[in-house]
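Here the structure is laid out as structure tokens; the discussion comes afterwards.
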């Protein structure tokens, strides 16, 4: 029998304002600036604050002041003198029925819609146009091909070969298949394609246009100077014995080639330095400059944390528009009421974002004070739970506040996550951080004898002598993270 049943239950739902607060907190500084720029372009109740200030701290309004409905009141302090926000309580208060309080104006060096430029560029200029980009593989080869005097047919065939290359630089199609797919008069032959392929292989980096790994490595070996140690043996290895090299059959290799053990060692080291995918070196996206969210300075023997003025938003509620809207009839039922509320939410949540980031940064600096004095070797183990308990926040909030956030320190720019190394045990029962172990390994490898480098087993024993107990595979993992090759590749003849 069908029946109607009424049940009561509780569930947790995020309000739109809380959803926006969570989303803004996990954005990087560049993503946040883009978010603010979009809001300034689309929300009529937001305007850019063009107040000229240098090295300013973020100004906040005293609770109870409707700063979003008041003229801009600049109460700022320099970042060098003050490390905490300055209260702004000098604004006039304007009442508006059904409207919430809005924090004070934002001040900073960041400009999202500035009408003037320090360098004199026009407003229509796009900074991305000045970004340096690497040419792609095909662009580089086409540019190199222009330097050769060829007739139209030979140039067209060479261009066809370039377009047929894969992104890693290999030609994986058979020449016969390529010849059938080209519509030329007279018909294209495999011999013509082979000549064009040899030309393409000589245009730029050795190894491009290879049809197999063996050919790729062989082209690179042949391009080496004739007096390169181990060149002849390396050529035989890449031409005929790559599988044996992969299986580390040193004795069989020495027997097949007929060389000494030292000659084989030098040749194998030479082969390992070759690039199996030379095409991957083109068109790579270069690392963008990191914009730090906070700046750490030493002031009177204390470490002070300030928000980077370059990332602080300069936005406020447009006072005139807000006043006119409040005086209009039926304002509460107008679609613009939602945009005014969203503008208030954005300013509040932006303020809360920077407050949270600064609190987390100050807690990190307090826990890792030894790092700023002595470097990586003094990093202490720390987890997100430690910061969450100290600040009274949820661990997920700390995770969002540390993701894609950077700190400028006298020792360089570091991601917040860098200050949360995992914990390792010591012989005495204490703990040390993984970052400290990597710093010790770096010092040991830097001081080793280049003719007899330290193996992973030896490094693990040396760490154990200093009271740090780690396995050999852990040493190998840390060495790989530091981009340090194994001992046999670090040995110098």
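With Rh defined as the Kirkwood radius, the inverse of the mean 1/r over Cα pairs, the Rg/Rh of the range 137-201 is 0.93. By the count of other C-beta atoms within 10 Å, a proxy for reagent exposure, 282, 374 are ordered fewest to most as 374, 282. For 168, 152, the sequence from fewest to most other C-beta atoms within 10 Å is 152, 168. The value of relative contact order for the range 177-316, using C-alpha pairs under 8 Å at least six residues apart, is 16 percent.
Based on the Stokes-Einstein relation at 25 °C and a viscosity of 0.890 mPa s, and on the Kirkwood radius from alpha carbon pairs, the range 213-281 is assigned a translational diffusion coefficient of 204 µm²/s.
Each of the peptides 214-225, 447-458, 187-198, 353-364 was scored by the mean count of other Cβ atoms within 10 Å over its residues; in descending order, highest first, they stand as 353-364, 214-225, 187-198, 447-458. Below 8 Å, C-alpha to C-alpha, sequence gap of six or more: please give me the relative contact order for the range 137-201 in percent. Contact order relative to length: 38 percent.
Length available on full extension from residue 231 to residue 457: 0.36 nm per residue minus the Cα-Cα distance, which gives 78.2 nm. Between the range 210-236 and the range 362-426, the alpha-carbon centres lie 48 Å apart.
Can you give the percent of C-alpha pairs in the range 423-490 whose distance is more than 20 Å? More than 20 Å apart: 20 percent of the Cα pairs in the range 423-490. Here the label points at residue 261 and residue 480, each 7 Å from Cα along the C-beta direction, are separated by 2.9 nm in the simple model. Across the range 289-331, Cα-Cα pairs farther apart than 11 Å form 75% of the total. Mind running the shape call on the range 204-244? Use the C-alpha gyration tensor, a ≥ b ≥ c as the square roots of the eigenvalues: rounded below 1.5 for a/c, prolate if a/b tops b/c, oblate otherwise. Oblate, since a/c reaches 1.5 and b/c is not below a/b. Treating each Cα of the range 164-236 as one equal point scatterer and applying the Debye formula with no solvent, the log10 of I(q)/I(0) at q = 0.18, 0.26, 0.28 Å⁻¹ comes out as -0.75, -1.18, -1.27. Got the relative contact order for the range 334-472 handy, in percent, Cα pairs under 8 Å and 6 or more residues apart? With pairs under 8 Å counted, the relative contact order is 20 percent. The Rg/Rh ratio for the range 313-458, using Cα coordinates for both the radius of gyration and the Kirkwood hydrodynamic radius, is 1.25.
Residue exposure proxy: 9, 385, 400, ordered by other Cβ atoms within 10 angstrom of their Cβ from fewest to most, comes out as 9, 385, 400.
Laboratory data are not the source of any read-out in this text; all were calculated from the coordinates shown. Quantities reported herein were computed from a predicted structural model and do not represent experimental measurements. Quick reminder, even Gly has a Cβ in these numbers, built from the backbone with ideal geometry, and neighbours come from all protein chains shown.
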